[in-house]
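Let me begin by presenting the structure, written as C-alpha cells, before commenting on it.
Here, each number is a calculation from the coordinates, and none is a lab measurement. Note that the structure is a prediction, hence the values are computed from the model and not measured. Positions of Cβ are backbone-derived with ideal geometry, glycine not excepted, and every protein chain shown enters the neighbour counts.
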Amino acid sequence: MKTCAVIYNPNSGHTLRKKNITKYKELIEKYGYNVSFIGTEYKGHAKEIVSHLGYVDLVMSMGGDGTFNEIVFGNLQRKKRLVLAHIPVGTTNDIGVMFGYGKDIEKNIDMCLSGVVKGMDICLINNRPFVYVAGFGKFMTIPYDTPRYLKKKYGHMAYLMSGFKDLFRVTKNYDITYEVNGKTVQGLYSFMLISSANRIAGFNNFYKDVKLDDDNFEVLLCTYTRKLDIIKALGMLVATDASRVAGFEFYRTSHLRVSFRHHPKNAWCIDGEKLEIRTKTYDIKNERNVQILIPKKNVDKLFYN
C-alpha cells in the first residue's frame, strides 16, 4: 500500500478540525494510501517535519501558501526528495488557485489524487526557497504584517484594507544595483516583485504566459513613488499584463543578483511570510524539477512538458 503524510496547519481556516480530518483521512484512503496526519505547532515546524520524515510516497500540505513553502523547504534539505502536493486552506491561496483548486477541500483532495506529477521550478533567494513570489518595498510587508485575527475575520479583504492604508504612507525609494541577463542596472525603486506564478496577491493572470517548468522567473521593478502614479499603475494591472505597464521594468530570467546600497529596513516577503535573512546582497536562481502532484485542470496552461 502507498503511504501519505498530511502535514496541516491547525490555524488555517476552520476546516481542519478533528471531525473534518477524519473525513479527509477516509477520502485519501480510498485512493489506496495508508495516511497519517501531522499538525504543526509553531512556525518552521512543517519544514522540520519534512526534512526528518521517513520515506513516504506522498507528502500533502494542508494550509496556506506559507505552510506549503515550509514543506518545499524541508523537502529540498533531504538527500532523497519526496513527491509533494498542496491542498489550500488559508486566506488568499494564490498557489492553490493557480493549480486549479476551489474552496471545497474534499473536491480538492479528489482533484489532487486523480491528478498528475509534474516537475516544477522552485526559486531560491540566498538558497532559501520560495514557491511563487518574493518581494521588497511598497506593499510587500502587508502579508506578514496584517494581524492574523483580521485575516480570519475578513479573509482576503484584510489584505486590501492594509494595502489601502499603506498606499497613503510615505513611499520609500531603494537605491539598488541589479544584474540580470548580462546587464547591470543601478537605480531608485519603490518595490521589486520576483515570481513564478500567474496569480499574485489575488490578481489572476498577473502575467499571461507563465510556465512553471521553463527554468525562468519573472522580475518586476517599480520606479513610481507618487501615490497617483502607483494607483494608475495598479489599475492598469486589471486591464493588461503587468510587464506592459508604464513605470515598471520587466525581465524574464533564470538568475538575478540584487545589491542594496543601504541595508533595507524592512524584510523581504516570500510566499506571504517574512524572510529572516538580512543582508545587502541577494542571489536569486532556480531549482529545477521538484516533483509536485497537481490537478489535471491547469496542467496544459502551466507546463510545457
In the chain, what % of DSSP beta bridges are antiparallel (nearest 5)? 70
Report the charge-dipole magnitude of the chain in Debye, nearest 20, computed about the Cα centre from +1 at each Lys and Arg Cβ and -1 at each Asp and Glu Cβ. 620
Out of Glu70, Glu249, Glu273, any idea which swings most in a Gaussian network model of the chain, alpha carbons joined below 10 Å? Glu249
Sum up the charges of everything whose Cβ sits under 12 Å from the Cβ of Gly119, counting Lys and Arg as +1 and Asp and Glu as -1, but leave Gly119 out. -1
Too-long pairs where the Cα-Cα distance tops 18 Å, listed order kept, from Lys23/Lys107; Lys80/Lys285; Lys19/Lys297: Lys80/Lys285; Lys19/Lys297
Among Ala239, Ala134, Ala46, which one shows the biggest mean-square fluctuation in a GNM of the chain, springs joining Cα atoms closer than 10 Å? Ala239
Which of these, Phe250, Phe203, Phe191, has the largest mean-square fluctuation under a Gaussian network model of the chain (Cα springs below 10 Å)? Phe203
Straight-line reach from Lys43: which aspartates and glutamates fall under 16 Å, measuring Cα to Cα and dropping same-chain residues less than 8 apart? Asp65, Glu70, Asp145, Asp271, Glu273, Glu276
Once a ≥ b ≥ c are taken as the square roots of the eigenvalues of the Cα gyration tensor of the stretch 220-305, is the result rounded (a/c under 1.5), prolate (a/b larger than b/c) or oblate (a/b not larger than b/c)? oblate
When Ile194, Ile292 are ranked with the fewest other C-beta atoms within 10 Å first, the list becomes Ile292, Ile194
For the stretch 2-114, what class follows from the C-alpha gyration tensor (a ≥ b ≥ c being the square roots of its eigenvalues): rounded when a/c is under 1.5, otherwise prolate if a/b is larger than b/c, else oblate? rounded
What is the dipole size for the stretch 166-286, taken about its Cα centre, with +1 at each Lys and Arg Cβ and -1 at each Asp and Glu Cβ, in debye to the nearest 20? 500
Mind running the shape call on the stretch 175-278? Use the C-alpha gyration tensor, a ≥ b ≥ c as the square roots of the eigenvalues: rounded below 1.5 for a/c, prolate if a/b tops b/c, oblate otherwise. rounded
Contact order relative to length of the chain, as percent, for alpha carbon pairs under 8 angstrom and 6 or more apart: 21
Leaving out same-chain residues fewer than 8 places away, which aspartates and glutamates sit with a Cα under 17 Å from that of Lys211? Asp94, Asp121, Asp241, Glu287, Asp300
